[in-house]
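Every read-out reported here was derived from the displayed coordinates using simple, explicitly stated rules and does not represent laboratory data. Keep in mind that this is a model prediction, so the values were computed, not measured. Every residue, glycine among them, receives a Cβ derived from its backbone with ideal geometry; neighbour counts consider all protein chains shown.
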Amino acid sequence: MRNIVIDKFMKIFSIILFFTVLCVKLEAQKADSTTQSDSYQVIKLWSFENAWNGMQNQQADTQITSYQNYLPLRNNFIANLGNSGSATFPLTYSNSNEEYPLFYKSLKVYYSSDRHVFYNTHKPYTRINFAAGASKDKGEQYINILHTQNVNKYLNFSFRANGHNSTGYYLKQENRNNSFRLSTNYLRNKYKLQAYFNIEKFRLVENGGVQNDSYVIDSLYKPENLNVRLNNAKNTVVFREGFLHQIISLTGKTDSTDTANIKYNSIFEIQSTTRYQWFKKLYTDIPYGYYSDIYVDSTATKDSTQSETLFQNLSLVLTENNPLKTAFLLGLNYDQRNYYYYYSDTLLNSYGIQASVYKTNGKRVNGYFTIEQWLNGYLKSNNKFEGKILYQFQHFRDTLLFVLNTGYFTKNVAYYENHYYSNNFKWNNNFVNSAFSFSTFSFNDKLYNAGFSANFYTVKNYVYFDTLTLPKQQNHTIKIKSATLYKNFKLGHFHFNNRAVFQQSSNDSILPLPLFVGVHSFFYQFLIFKKVLHVQFGTEVFYFTKYFAPEYVPATCQFALQNERQTGGYPYVDVFLNFNWKRARIFFKIEHVNYSLMAANYFTAPHYPQTPRILKFGISWNFYD
């Protein structure tokens, strides 16, 4: 079955690639009359996922503020298992309609930030980020290399390589994670292409947590000498993803009102999207009592799980260059999935339709309304309705943005939540579709560095892992409400930056959440050496209130409910020193500086204490000559 899926994808990809090359050659033969702006930036970047969200411009990573947080955890209110690169879970709730493999979700945060980012450069551009941490014989190394350059002003290639190794502070906790991303985009008047290929590999040594949390809390033993629950367990996770989006203009018109900048406006287009995901997880262990059940082999565990997904969309689009200044999209969707585990091999197909109305080029008002409906196959009865309105205007020197986003969608529970068989776990469920709704209102003030959002969510037929670490479904509706605030204060050289979330779940026993999660930094910023060296010196505090955080299950990379002890109520305090000199940024920081100065309840998940006090440093350098 796997070969069928791969062969089909390769045939489709080959046809698209041939058509792409043909379009590029034909388009290259035509002269382009667009002039280059005198203010052309060295690098331009944007994110793109679908037509109705458009190309969202982004800023290059050159900021000094929060540079010391090189991993996307605290800034996104994400908790891990105490070691960099380990499995993660969110401290806040959000309805997500993302399609990723179930056993990969706890790791996807590490490389998801630039998954849909594309580049255009005036000069070859390279950025190297390096960071390291050390505490006695424990260490961490992190390196991220980005290179991007244009072949000409239409065609760009870029690659990003990432390596992250961490021995961990506790026994049997080493992580070795790597990723590689190759992307390209070709943007002409009548043909546009955006594509990437991403591969990630995680090698995780699993220790199951410390044997007795009280030894940490009561400081009875040195943390690095504590016994752990697993001594021979490892997870190897590989995730590959390919993405290809194309636009072919069928009709259009030339705008020659500005003779110095003649522009072609596409009116009627064909758009196609292809996304392919391949996932594999291998869990190995020597059983000795950590798991309550053994179904296959009592001497050795070797659980292999694999899945493949192919998604395709073909759409006809009437662009915003029509008299109504609003775009209309009508498309067909195809989804093919293959799941493998032990002796099972399942192939599933689905067909659906979608329609969208959107506006992305408005001066003040933009937005979209989109509908998706799957008509048959595995995803039959899955649907989605979503609308979003953005209103932005200038008020003197200020820019204000109001956003209203609301939607409703139903979707199948993850296949492996219904069917799974391994050495330590097995289940065969018949869960019904889950239903989600959300309404969000947000406000952002650029001049005053402030923002607010009010969020309301409901979820019916919610699937979770219970205290026996097995999947269960809650048939009642759970309601979640939250408020997100950020405000950055400045008084002279002093800065006080704040981000916080207040939230509440209507069913804490099934969907527990901390009432408050916040990140607060206070620093002094100044210039020295003829005002060319920027310096920040300050402290940052990360905190969330007590709640029954889920416990980690290494065999499935999932987080399950527990009601034995609460985590939270403990501040994590860092002290940092950041420098920015021309193209270079440097940081030094002491993480968890308050270690041993207060009650030692530094857990974000049961049995997994955070790292004690540790020194970290890093450097980032941009090259574009």
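Work out, step by step, the length gained on full extension between residue 112 and residue 510: first 0.36 nm times the residue separation, then minus their alpha carbon distance; give nm to one decimal. The partial results should precede the final answer.
On the way: separation 398, 0.36 × 398 = 143.28 nm, distance 2.74 nm.
Full extension from residue 112 to residue 510 adds 140.5 nm.
What is the gain in length, in nm to one decimal, between residue 265 and residue 99 on full extension, counting 0.36 nm per residue of separation less the C-alpha to C-alpha distance?
Details: separation 166, 0.36 × 166 = 59.76 nm, distance 3.36 nm.
Gain in length upon complete extension: 56.4 nm.
Pairs of alpha-carbon atoms within less than 8 angstrom and 6+ residues apart define the contacts here; what relative contact order does the chain have, in percent? Walk me through the intermediate numbers first.
Working: 1609 pairs, mean separation 71.5, N = 625.
Relative contact order for the chain comes out at 11 percent.
Using only helices, what value at 222 nm comes out for the chain when you add -39,500 (n - 2.57) per DSSP H run of length 4 or more and divide by the total residues, to the nearest 500 deg cm²/dmol? Intermediate values should be presented prior to the final figure.
On the way: 3 runs with 36 residues, N = 625.
Rounded to the nearest 500, the figure is -2000 deg cm²/dmol.
What are the ³J(HN,Hα) values, in whole Hz, obtained from phi via the Karplus relation 6.51 cos²θ - 1.76 cosθ + 1.60 with θ = phi - 60°, for each residue of region 97-110 in sequence order, with x given for Gly and Pro?
In residue order, the calculated couplings are 9, 5, 10, 10, x, 4, 7, 9, 4, 6, 10, 5, 4, 5 Hz.
Read through the labelled values [x] 79, 67, 42; [y] 92, 71, 51; [z] 102, 82, 44 and report the label of the one computed as Cα extents along the principal axes in Å from the structure.
Checking each listed value against the structure points to [x].
Please list 3J(HN,Hα) in residue order for region 142-158, calculated via the Karplus relation 6.51 cos²θ - 1.76 cosθ + 1.60 where θ = phi - 60°; whole Hz, with x for glycine and proline.
9, 9, 9, 10, 10, 10, 9, 7, 8, 6, 8, 6, 9, 10, 10, 10, 8
Please sort 505-518, 231-244 by packing, taking for each peptide the average over its residues of neighbouring beta carbons within 10 angstrom, highest first. It would help to have the intermediate numbers written out before the result.
Working: 505-518: 17.1, 231-244: 18.6.
The packing order, highest mean first, is 231-244, 505-518.
Are there GluC sites (Glu not before Pro) in region 517-584 that DSSP marks as loop and that have at most 14 other Cβ atoms within 10 Å, and which are they?
Details: sites: 540, 551, 564; in loops: 564.
Of the GluC sites (Glu not before Pro), the ones in loops of region 517-584 whose Cβ has at most 14 other Cβ atoms within 10 Å are 564.
Take the alpha carbon atoms of region 288-344, find their center, do the same for region 548-625, and report the distance between the two centers in whole angstrom.
Cα centroid of region 288-344 versus Cα centroid of region 548-625: 32 Å apart.
With contacts defined as alpha carbon pairs under 8 Å and 6 or more residues apart, what's the relative contact order of region 282-439 in percent? Let's see the in-between values first.
Details: 347 pairs, mean separation 26.9, N = 158.
Computed over region 282-439, the figure is 17 percent.
Could you state the number of Å between the C-alpha centres of region 512-538 and region 398-417?
Region 398-417 and region 512-538 have Cα centres separated by 31 Å.
Please enumerate, by chain and number, the aspartates and glutamates with C-alpha under 19 Å from the C-alpha of residue 302, excluding those fewer than 8 residues away in the same chain.
206, 285, 293, 345
If you take the alpha carbon radius of gyration of region 266-344 and divide it by 2.2 N^0.38 Å, what ratio comes out, to two decimals? Kindly include the intermediate steps, with their values, before the conclusion.
On the way: Rg = 23.2 Å, N = 79, 2.2 N^0.38 = 11.6 Å.
Dividing the Cα Rg of region 266-344 by 2.2 N^0.38 Å gives 2.01.
Putting +1 on Lys and Arg Cβ atoms and -1 on Asp and Glu Cβ atoms, find which of 184, 237, 214 reaches farthest to the positive end of the dipole of region 168-252.
Value: 184.
I need the P(r) histogram for region 301-430: all alpha carbon pairs, bin width 5 Å from 0 out to the longest distance, whole percents.
2, 9, 14, 14, 13, 11, 10, 8, 7, 5, 4, 2, 1, 0
Given a cut-off of 22 Å, name the pairs among 234/281; 359/388; 108/201; 153/363; 446/481; 411/460 whose C-alpha atoms lie farther apart than that in the structure shown.
Details: 234/281 10 Å; 359/388 10 Å; 108/201 11 Å; 153/363 26 Å; 446/481 25 Å; 411/460 11 Å.
In this structure, 153/363; 446/481 lie more than 22 Å apart at Cα.
In region 220-299, with Lys and Arg counted as +1 and Asp and Glu as -1 at Cβ, which of these residues, 288, 265, 249, has the Cα nearest the positive end of the dipole, that is, farthest along it?
Farthest towards the positive pole: 288.
Defining a contact as two alpha carbons under 8 Å apart and six or more residues distant in sequence, what relative contact order in percent does region 469-524 show? Please list the in-between numbers first.
Numbers: 86 pairs, mean separation 18.4, N = 56.
About 33 percent, as a whole number.
How large are Rg and Dmax for region 146-215 when only the alpha carbon atoms are used, in Å?
20.2, 66
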